[in-house]
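Everything on this sheet refers to the single structure shown next.
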Amino acid sequence: MTDLREIVAAAVQEAVVAVTGESIPLPQVEDPPRPEFGDLAIPAALELGRKLGRPPRQLAEELVAYLRDRETEGVRRWEIAGPGYLNAFFDRGYVLRRLMDSLLQSQSESESATAMGPKVVVEHTSINPNKAAHIGHLRNSVLGDSLVRLLRHQGVPVEVHNYIDDTGVQVADVVLGFADLMGLDAEAVRAMPDPFDYACWDLYTEVTARLKSDERLAARRREVLLALERGTGTEAEVGTVVVERIIRRHLATMARLGIEYDLLVHEADIISMDLWSAAFERLKASEYVYFADEGDHAGCWMMRLSGVAGFEDLEQPDKVLVRSNGAATYVAKDIAYHMWRYGELENPFSYREFDVSADGHVTWQSGAEGEQMPFGGADRGASVIDVRQEYLQSIVAFAVAIMDPDGRTDRHTHFDYEMVALTPKTAKTLGIPLTSEDQGRPFVEMSGRRGLGVKADDLLNVLEERAGEEVGKRNPDLSDGERKALAVQIAIAAARYFLVKFNRKTVIAFDLDEALNFEGETGPYLQYAAVRTSSIFELMRQRWGVSVEDAVRTVLSTQGPGGESSSGAVSAVDVKGELEPLSLDQIRDLLEEEENDMLWVLALQLGRFDRVVDLAVQSSEVSVIAKYAFTLAQDFNRLYHRYPILQEDDRTKRGVRLLLAYALRLRLQQAMSLLGIPVPERM
RNA sequence: GCGCCUGUAGCUCAGUCAGGAUAGAGCGUCGCACUCCGGAUGCGAAGGCCGCAGGUUCGACUCCUGCCAGGCGCACCA
């Protein structure tokens, strides 16, 4: 079904040709700021007037005269306003009818839809496996997971990767802590009680602090790092246990928010399975990779970036890929991973199951042994990584582009976002010590190294507790189990919404009070609106003995747009005279009454759903969905007070309001599901 | 120093990419609301030289230039 906007734009385009003889591209269509300016506004005459040296207003008169002589689908009348806008006013009955039809249709389609087309890999989370996840990591995972949901909604096959950096100094530091500070071996570390990631959080901070002054410990760190890289010895054993246990904790934390992964890629495997050496062979053949014989980087293999667009202003643009001691850098390993991800290297991995979730989803991990699986080899992909890694990621993207036989530069995207920081006030209330320098700042960056941050599980625990209190107050009849289950859903909503409501270039200065608020622009507000729609429908079923689906079918059971009888599924059922089929004229007349402008505004809002999803995907901006969902919920809550459904006696009013409430619930639920926010039965 | 990002109401943010009609939300403050489909709600009020200065334009929060302020990045760390 063609969008009405396109139809209107095409009509104006045709009018321009007819009136002026000028051919123009499809004109821009805007949403007018106020209802009296109609439903769509086209500023074409403004632009054209300047180009032709004619008064825009006069030009607009001629265009409108032309348009008024003809039928444009869905348009009831044209007007001119302001400096020369063309304002189109829809046939409100027709548009609502059309909206309902497409909703019912998309509902039945989505049930049978299977993903088609080239595969896309989305990599997110990728937390260093040496400590508990904090709320900054949560922003990454929630953004990444929402992106995955958006793409899947659009029918794109998505594979979710979580890159595990298990060879770096971060892991070495914690291993050092266990081995030297605590004197534990692998078995003892394996036997430690949970929360293991919390223990590592503290240990990591302690080791970092001691390393500053303890020369002997610093020397030991180099030994541990070497042992980890070789993969042999007791320290390597401890390292394996630490990584495995921490990842299980990370996945458990993310599972609380409904976030799952298809594949964990271990960085250690990239070396041990010779993925790096294969990548290196390919890279060496490139004009961009060379061996440095002299200078600061003597003995290193370098990537040549001087003269490459985007790197030209750097003092030393070239980047080390292989250190003079022969070890590959992080960027080098990341490049190898990306080349494999996009099918430019043969697959060296086998795969084992890492975990199976409650709903049966399997998370696999790379390794030397196991099964063959069709992972990697994607056509396109995105890596969700915070903006501080922009420089490194641009190198990775550059390498992907030069290794692509087709020379594509757009197949890999760095989905960048700003960090989550703490307001000094929140840090203080959480008992986190700050330097006097920090206290003067607008916000304080979280740091695993300094142990400075709010752990993800702590936030979720506090949210669940708070939600539990509220639920208990409102629903004293619920059992403990029911109350907890509800509190979990509300906590998910609060956390996820809070992390996506800001656009990704905004530094979130985390404020605990704000995050714990369940009123206003929050996840629970969305849930509340959805729950209210459901409870209206439930009450209707009790009073009238009719499901909302049957009720909607009844109201729609006359003819569809264009006069013919619409989709066969639509037929009336017995609703005991509480509802009746409504004609297009009845719906239109009702919606055109001024007191029903708010209903009409909601109908228009509902019609924007697909465009909003497109915009969110194109701009990689999840906040667009969050704002849209909030607007829907807000519209509904306003309507709820002004336009009762069950208590309305007029059956025309009742019917139209029911249609809108039904459409709203559907769209709101869809938007919430894109954000990973559950819709409770009650709350 | 160079590069990137940000600056909008007391606070936290939309709107800037595609210039246009009276710049919008939430929180906070003050006041109010249904014997009614749920008050995690709704309604109203107060609160804005859209960082500053130029420029382009019929028209600038939006584009361009300069400046000011804040953040981040520019490792043989990841």
Quiz item: What area, in nm² and to one decimal, does the C-alpha convex hull of the stretch A:1-156 cast on average over all directions?
Solution: 14.4 nm²
Quiz item: In nm, what is the difference between 0.36 nm times the number of residues separating A:Arg222 and A:Ile24 and their Cα-Cα distance?
Solution: 64.6 nm
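Which value results for Rg/Rh of the stretch A:4-90 when Rg is the Cα radius of gyration and Rh the Kirkwood radius based on the inverse mean 1/r?
0.92
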Quiz item: Measuring from label point to label point, each 7 Å out along Cα→Cβ, what is the A:Gln542 to A:Glu592 span in nm?
Solution: 4.0 nm
Quiz item: How far apart, in nm, are the 7 Å Cα→Cβ label points at A:Arg608 and A:Glu482?
Solution: 3.8 nm
Exercise. Report ³J(HN,Hα) in whole Hz for each residue of the stretch A:441-455, in order, from the Karplus equation J = 6.51 cos²θ - 1.76 cosθ + 1.60 where θ = phi - 60°; Gly and Pro get x.
Key: 7, x, 7, 10, 5, 6, 8, x, 4, 8, x, 9, x, 9, 5
Quiz item: the stretch A:422-512: percent of C-alpha pairs farther apart than 17 Å?
Solution: 58 percent
Quiz item: When averaged across all projection directions, what area in nm² does the alpha-carbon convex hull of the stretch A:366-471 cover?
Solution: 12.3 nm²
Quiz item: Convex hull volume of the Cα atoms in the stretch A:375-425, per residue, in Å³?
Solution: 82 Å³
Practice problem: Quick one: of A:Lys212/A:Lys319; A:Lys119/A:Lys501; A:Lys119/A:Lys333; A:Lys131/A:Lys428; A:Lys428/A:Lys484; A:Lys284/A:Lys333, which pairs are farther than 19 Å apart, Cα to Cα? | Solution: A:Lys212/A:Lys319; A:Lys119/A:Lys501; A:Lys119/A:Lys333; A:Lys131/A:Lys428; A:Lys428/A:Lys484
Exercise. Please list, in chain and number order, the residues 5+ apart from A:Thr413 or on another chain whose amide H is under 5 Å from its amide H, with Hs placed from the backbone.
Key: A:Gly381, A:Ala382, A:Ser383
Quiz item: Where does the stretch A:100-219 land on Rg(C-alpha)/(2.2 N^0.38 Å)?
Solution: 1.61
Quiz item: Taking a quarter of the surface of the convex hull around the Cα atoms of chain A, what do you get in nm²?
Solution: 36.8 nm²
Quiz item: Helix A:651-674 versus the longest principal axis of chain A: what is the Cα-based angle in degrees, 0 to 90, to the nearest 10?
Solution: 10 degrees
Practice problem: Could you tell me the largest-minus-smallest coordinate of the C-alpha atoms of the stretch A:523-674 on each of the three principal axes, in descending order and whole angstroms? | Solution: 47, 35, 32
Quiz item: Summing -39500 (n - 2.57) over the DSSP H runs of n ≥ 4 in chain A and dividing by its residue number, what mean residue ellipticity at 222 nm do you reach, to the nearest 500 deg cm²/dmol?
Solution: -16000 deg cm²/dmol
Practice problem: Taking the Cα atoms of the stretch A:296-415, report the difference between the largest and smallest coordinate on each principal axis, in whole Å and largest first. | Solution: 52, 33, 29
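Read-outs: derived from the displayed coordinates by stated rules, not from any lab. If you're wondering where the values come from, they're calculated on a predicted model, not measured in any experiment. Every residue, glycine among them, receives a Cβ derived from its backbone with ideal geometry; neighbour counts consider all protein chains shown.
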